[in-house]
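What follows is a short report on a single structure.
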Amino acid sequence: MKVLIAVTHLLGTGHLARAMTLARAFVKGGHEVLVLSGGRPAPHLTEGDVAVVQLPSLASDGVDFSKLMTDLGVEADAAYLSSRRSAMVRAVTEMQPDVVITELFPFGRRSLADEFRALLEAARDLAPRPLVLASVRDILAPPSKARKAALARDMLSEFYDAVLVHSDPDLTRLEVSWPVTTDVGQKLRYTGYVAPAAPEPTTAGAGAGEVLVSAGGGSVGQALFECAILAAKRSPLRWRLLVGGADKEERIAALRAQANDPMITIEAVRPDFRQLLNNVTASVSMCGYNTALDVLQTGVPAVFVPFDDGGEVEQTLRARALSAQPGIEILSAADLSPETLKAEVKRAVAHGRRSASGLRMNGAAETVRIAEDMLASARA
């Protein structure tokens with residue numbers, strides 16, 4: 001089975017990380033995979049055993065996802081976008097995939113609708129026509145207008161065989177964030193969460209007894225880091241801050257100068273982040289999909305401070321859904337202060353660690369099974 005996955009991450013790298021986890025699950029299942037990656041290159045995620053075609057890259061202008069920037073820091077023009085469309089169509093035509101998966105679209109990435117339509121039309125013209133699947137996380141950005149939901153519904157009707165919802169429906173159903181009509185509901189296939197294998201518990205190592213503060217791999221979370229430094233100065237625990245983004249070195253230097261405290265470790269994001277969660281006393285983070293799964297898998301007491309810049313509500317909705325679990329607390333950005341952060345960490349730690357047993361974390365393998373079964377039925 002030949003599988004093509006199209007993904008464009010515009011701010012952080014979570015979308016690409018999830019797409020690569022799916023891709024590796026297909027490779028493990030003996031299938032040929034090609035990932036079309038349209039965001040900024042992220043070699044730490046794409047290096048390895050999966051074929052990746054890097055499209056002319058795009059990034060959002062901060063949280064303005066309607067303004068698309070090239071890697072030169074200028075707004076993408078019509079010729080630049082046309083080169084992306086051509087590359088996507090060429091990849092479909094040359095590969096002749098049996099399965100096409102679009103990550104997030106048509107529920108998001110509306111600013112890239114032209115190139116996704118070109119890809120989908122090229123796929124439809126193949127003989128035999130490939131199975132076409134949408135891949136979405138547990139929580140979507142709710143449509144601000146009914147027209148946006150209608151456009152997504154029209155695209156699903158015209159091109160798609162199913163929607164893979166990477167969630168445990170016992171914790172979070174798509175209806176929490178998206179208006180699911182009867183026809184859309186019939187296309188939904190819940191896979192469970194898409195996560196790498198749980199990190200192995202360790203008896204010693206970095207992070208033991210610490211509060212770990214993170215904000216993903218992008219240039220976000222400055223207010224959280226600055227507040228965490230002040231909270232750490234009033235806490236009996238050691239605190240460790242992991243800073244990401246292309247400008248991380250400058251940010252780390254400024255935060256270290258602000259802290260001026262050997263009890264507060266401030267460093268770049270680490271590849272062993274998930275192992276650290278097994279060791280630390282508590283986690284303080286935003287509530288992106290991948291970080292939320294790391295918290296669920298490791299059972300670490302956690303305080304979520306959801307990202308809400310530019311009116312974003314996805315992380316807030318996810319945090320609310322997950323806060324039913326013991327040892328998970330929520331602190332809004334508006335309520336964030338050294339005192340409130342210290343208090344919520346104490347509250348989370350008091351619950352102790354949770355068990356991850358019973359959670360559906362096999363979403364990547366289940367995605368492969370669903371695609372295999374649906375393709376077999378379609379070609380029977």
Tabulate in residue order the Karplus-calculated ³J(HN,Hα) for segment 72-80, using 6.51 cos²θ - 1.76 cosθ + 1.60 with θ = phi - 60°, rounded to whole Hz; enter x for Gly and Pro. 8, x, 10, 5, 5, 9, 4, 5, 5
Using only Cα atoms, find the angle between the long axis of helix 14-28 and the longest principal axis of the chain, and express it within 0 to 90 degrees, rounded to the nearest 10. 60 degrees
Taking every DSSP beta bridge that has both residues in the chain, what percent is antiparallel when rounded to the nearest 5? 10 percent
In terms of the alpha carbon gyration tensor, root eigenvalues a ≥ b ≥ c, rounded if a/c is under 1.5 and otherwise prolate when a/b exceeds b/c or oblate, segment 210-351 is rounded
List the pairs from Lys67/Lys248; Lys248/Lys342; Lys187/Lys346; Lys67/Lys145 whose alpha-carbon separation is above 31 Å, in the order I gave them. Lys187/Lys346
Could you work out which residue, out of Thr182, Thr191, Thr281, moves most in a Gaussian network model of the chain, that is, has the largest mean-square fluctuation with Cα springs under 10 Å? Thr182
Residues of type aspartates and glutamates that Lys28 reaches as a straight line, Cα spacing below 18 Å, ignoring anything fewer than 8 places off in the same chain: Glu47, Asp49, Asp98, Glu366, Glu372, Asp373
The exposure ranking of His9, His44, His351, fewest beta-carbon neighbours within 10 Å first, is His44, His351, His9
Counted neighbours (other Cβ, 10 Å), sorted fewest up, put Thr8, Thr291 in the order Thr291, Thr8
What shape does segment 105-173 take by its C-alpha gyration tensor, where a ≥ b ≥ c are the square roots of the eigenvalues and a/c under 1.5 counts as rounded, a/b above b/c as prolate, and the rest as oblate? oblate
Sort segment 296-380 into rounded, prolate or oblate with this rule: let a ≥ b ≥ c be the square roots of the eigenvalues of the Cα gyration tensor; rounded if a/c is under 1.5, and if a/c is not under 1.5, prolate when a/b is larger than b/c, oblate otherwise. oblate
C-alpha long axis of helix 113-124 to longest principal axis of the chain, angle in °: 50 degrees
Normalising by the residue count of segment 178-275, find the relative contact order in percent from Cα pairs under 8 Å and 6+ residues apart. 28 percent
What angle, in degrees between 0 and 90 and rounded to the nearest 10, separates the Cα long axis of helix 289-298 from the longest principal axis of the Cα atoms of the chain? 60 degrees
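We did not get these values from a lab; they are worked out from the coordinates using the rules stated. Since the structure is predicted, the reported quantities are computational estimates derived from the model, not experimental observations. Don't worry about glycine lacking a Cβ; one is built from the backbone with ideal geometry, like all the others, and counts go over all protein chains shown.
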